[in-house]
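Trainee: Below is one structure. I have some questions about it.
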Amino acid sequence: MLDVDPLSSSTPHSTSSDVVPPFTAPSTSSSVVGSSAGSAKLVIEIVDGSFFPCHKCSAIITKSFKKMVDSKAFSWKKVSKSTKKTYFNDFQNQCSWAPRFTGQIKSLWESKAA
């Protein structure tokens, strides 16, 4: 509660009931969407038909493509199935999600990667 003297022009001061304990983060970040710790995987989900966090997922996909360019393919349709599988495996090695969403994640990845 703030003590305010209506006749005083000074700034109100806090009483002990105003003290809010500092925020304590969860003990592990491995289950927090959009987080990763050290070498841990980025935790992702689908929100409104897109990956969340979208910018981090896009960066991971782009880096995967740049690591292994399929020189024979000039379009996504020409990229071999084995190369696409390698790209997705790389994405999967860097991200995690609830297992029940694997099919949706893979479908969305394919549409974003295309």
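Trainee: So in segment 74-114, with the set limited to residues that are at pLDDT 90 or above and aromatic (Phe, Trp, Tyr), which one is farthest from His55 (Cα to Cα)?
Mentor: Filtering first and then ranking leaves Phe101.
Trainee: Name, by its number, the condition in (1) assigned to a helix (DSSP H, G or I); (2) within 16 Å of Gly103 (Cα to Cα); (3) open to solvent by less than 80 Å² (accessible area, probe 1.4 Å) that does not hold for Ser58.
Mentor: (2)
Trainee: Also, I was wondering about something else. Which condition breaks for Thr83 when tested against (1) β-branched (Val, Ile, Thr); (2) in a helix (DSSP H, G or I); (3) open to solvent by 50 Å² or more (accessible area, probe 1.4 Å)?
Mentor: Failing condition for Thr83: (3).
Trainee: Restricting to segment 86-114, name every residue that is loosely packed, with under 11 Cβ neighbours inside 10 Å and not in a helix (DSSP H, G or I).
Mentor: Ala114
Trainee: I'd like to check something: does segment 31-42 contain any residue that is touching a strand residue (DSSP E or B) at 6+ places or on another chain (Cβ under 6 Å), at pLDDT 80 or above, within 24 Å of Trp109 (Cα to Cα) and surrounded by 15 or more Cβ atoms within 10 Å (Cβ to Cβ)?
Mentor: Scanning segment 31-42 turns up at least one residue that is touching a strand residue (DSSP E or B) at 6+ places or on another chain (Cβ under 6 Å), at pLDDT 80 or above, within 24 Å of Trp109 (Cα to Cα) and surrounded by 15 or more Cβ atoms within 10 Å (Cβ to Cβ).
Trainee: Name every residue in segment 61-80 that is surrounded by 14 or more Cβ atoms within 10 Å (Cβ to Cβ) and either within 16 Å of Val43 (Cα to Cα) or within 18 Å of the chain's Cα centre (by Cα) (or both), in order of residue number.
Mentor: Ile61, Ser64
The values are calculated or read from the model by the stated rules, or taken from the named source; none is laboratory data. Being a predicted model, the structure only gives us computed values, none of them experimental. Cβ atoms come from the backbone with ideal geometry, glycine included; neighbour counts cover every protein chain shown. The area values use the complete protein model at the heavy-atom level, side chains included, leaving out ligands, DNA and RNA. Shrake-Rupley method; radii C 1.70, N 1.55, O 1.52, S 1.80 Å.
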